[in-house]
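This report refers to the structure that appears directly beneath it.
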Amino acid sequence: MNRQAIPAQVTSFIDGRWQPATGLAVPVVSPVSERPISVLHEADAAQVDAAVAAARRTFEAATWSGAAVAERKQVLLRVRDGILARSEELAQLEVAHTGVPIAQARGRHVPRAALNFEFFAEFISQASSPLFDQNPDYLTFVRHEPAGVAALIAPWNAPLALATMKVAGAIAFGNSCVLKPSELTPLSFVPLMQILADAGVPAGVVNLVNGRGPVTGSALVGHPGVDVVAFTGGTATGRLIGEAAGRGLKKVVTELGGKSANIVFADADLERALDAALVAVFANNGQQCLAGSRLLLQRPIAAQFIERFVARVQSLRIGDPLDAATEIGPLISAAQRDRVLSFAAQARTGPEYEVLCGGRAAALSPGFYVEPTVVRAKSNSLPVCREEIFGPFVTILEFDDAEAAFAIANDSQFGLVSYVWSASLATVTAALRALRAGVVWINTPLTRELRAPFGGYKNSGVGRDGGSWSRALFTEEKTVTIPVRDFPILRMGISADA
Ligand code: NDP
């Protein structure tokens with residue numbers, strides 16, 4: 001494997017041009033070496049303003065917003081092709097800043113980025129709008145018009161896959177946008193900007209601002225020239241985004257954290273449930289909003305399931321994320337490693353917990369590695385069951401019957417996804433009704449259907465994306481009414497005896 005060169009510096013990309021390296025220099029740190037591998041120059045409020053202005057200009061020029069759907073579709077398909085053509089470079093950059101194992105970057109993250117553009121290309125060419133003709137005097141129909149300038153804010157755990165879901169959705173429907181990735185993970189956006197330009201996305205339609213959330217992100221979300229905000233990130237930040245968007249009366253969707261239950265009933269296919277339980281929590285180094293981080297086991301199968309699960313966890317291959325055999329790489333940062341370890345330290349302190357494996361920094365140095373950790377908890381009210389830990393850390397709880405399992409699953413501030421494993425139609429039907437989560441996966445792990453809505457209940461977010469839900473965010477709906485005959489109009493201003 002040829003190692004991909006890492007961009008020495010990253011600035012912002014506005015109106016088709018990389019900006020000079022003037023802003024505050026923020027090091028981009030490798031999770032493997034713990035050393036800076038690049039430098040990000042932060043966009044300040046003035047640069048954010050320039051990016052929003054460029055987006056507004058191009059939106060109003062209508063080169064892209066007014067382009068035929070067939071033309072936009074072809075450009076989006078060329079973006080897909082460009083991503084696939086440079087997939088190895090993108091995968092390696094994604095690994096360099098996140099520490100996600102290369103097999104997952106190649107197999108999931110980059111293909112998903114390509115699929116996002118393909119999906120919205122196909123969606124816009126097939127979408128239709130309602131027509132109301134029940135009243136015989138009129139035809140009334142709905143136009144979906146681009147909303148304007150979209151602010152897109154993405155997290156660090158799957159930078160390319162999550163950011164491109166927003167970029168593809170925004171531009172497919174004719175918007176211009178300003179993207180702000182996490183300051184921890186700016187590298188793969190350098191080739192992405194080139195791919196977009198090469199595919200024919202006009203300058204100024206996709207702008208990129210890099211910098212820290214409270215500086216660059218907050219200037220972007222609060223900018224009066226932004227019409228729509230699409231945010232994926234943590235719940236605390238999501239509240240700030242919602243407040244800022246509310247003050248500006250901007251449309252907003254927030255996709256936030258989770259503490260999802262993975263419920264395994266005694267009658268499930270336990271081989272598949274075991275494989276899936278590992279993927280659900282340890283893929284992406286455990287840093288995934290969808291993580292099945294509370295594993296709920298029905299009591300009769302619990303002991304045996306735990307024994308086999310822990311044996312598999314102890315066999316997970318931890319190491320250099322650029323090694324194709326690695327299953328668990330380092331966490332994103334020292335802060336994230338310390339946060340995960342603090343939950344493990346807590347779990348070692350009391351009789352309500354039992355640490356079944358892991359719980360310490362892995363014996364690999366340098367690198368922000370954490371041993372995959374399994375904790376058995378006596379009660380769902382313990383902090384390890386309530387807080388999103390966002391690392392290779394799973395908590396096991398046991399239950400007696402379906403009612404108890406659903407009560408534990410729903411006893412959470414979050415409601416992003418749930419996993420249910422059972423062979424009984426009655427059980428899965430009861431589960432899909434009872435569970436208060438935006439997605440319920442029955443006998444399958446992590447299966448994202450882009451045509452369907454995705455998002456959370458409760459503190460897992462507000463609104464949905466995917467298919468027509470993305471269209472609802474990124475377009476304004478305009479109702480048009482046309483009479484089909486000259487029906488009488490009330491005649492005002494004519495004297496009564498005329
Ligand atoms: P954060 O909320 O810390 O950050 C998300 C993004 O918001 C980053 O780009 C960040 O910038 C930016 N940001 C931070 N503060 C502000 C602010 N005041 N104004 C505007 N922007 C701001 O989340 P993480 O990056 O730590 O991501 C992990 C979180 O994301 C987890 O909670 C996870 O569950 C959630 N997530 C949710 C998903 C979903 O679909 N529901 C999917 C994936 C992750 P910077 O990092 O530069 O500070």
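Any read-out appearing in this document is the output of simple, stated calculations on the displayed coordinates, not a laboratory observation. Just so you know, these numbers come straight off a predicted model, no measurement behind them.
Distances between placed amide hydrogens fall under 5 Å for GLU398 paired with LEU297, all partners being 5 or more residues away or on another chain. Expressed as a fraction of 2.2 N^0.38 Å, the C-alpha radius of gyration for the chain is 1.06.
Its convex hull of Cα atoms gives the stretch 1-59 a direction-averaged projected area, equal to a quarter of the hull surface, of 5.6 nm².
Bridge orientation summary for the chain: considering DSSP beta bridges with both residues in this region, about 40 percent are antiparallel. Shown here are the Rg and Dmax of the Cα trace of the stretch 1-127, at 17.5, 48 Å.
Each distinct pair of alpha carbons in the stretch 261-442 adds a 1/r term; the inverse of their mean, the Kirkwood radius, is 16.4 Å.
Just for the stretch 261-442, what percent of DSSP beta bridges are antiparallel, to the closest 5? Walk me through the intermediate numbers first.
Numbers: 5 of 27 bridges.
Approximately 20 percent, going by the DSSP bridge assignments.
Measuring between alpha carbons in the structure, the pairs from LYS250/LYS458; LYS180/LYS378; LYS73/LYS259; LYS180/LYS458; LYS166/LYS378 lying more than 31 angstrom apart are LYS180/LYS378; LYS73/LYS259; LYS166/LYS378.
For Cα pairs less than 8 Å apart in space and 6+ apart in sequence, what is the mean separation divided by the residue count of the chain, i.e. the relative contact order in percent? Kindly include the intermediate steps, with their values, before the conclusion.
Working: 1108 pairs, mean separation 88.0, N = 498.
Relative contact order comes out at 18 percent.
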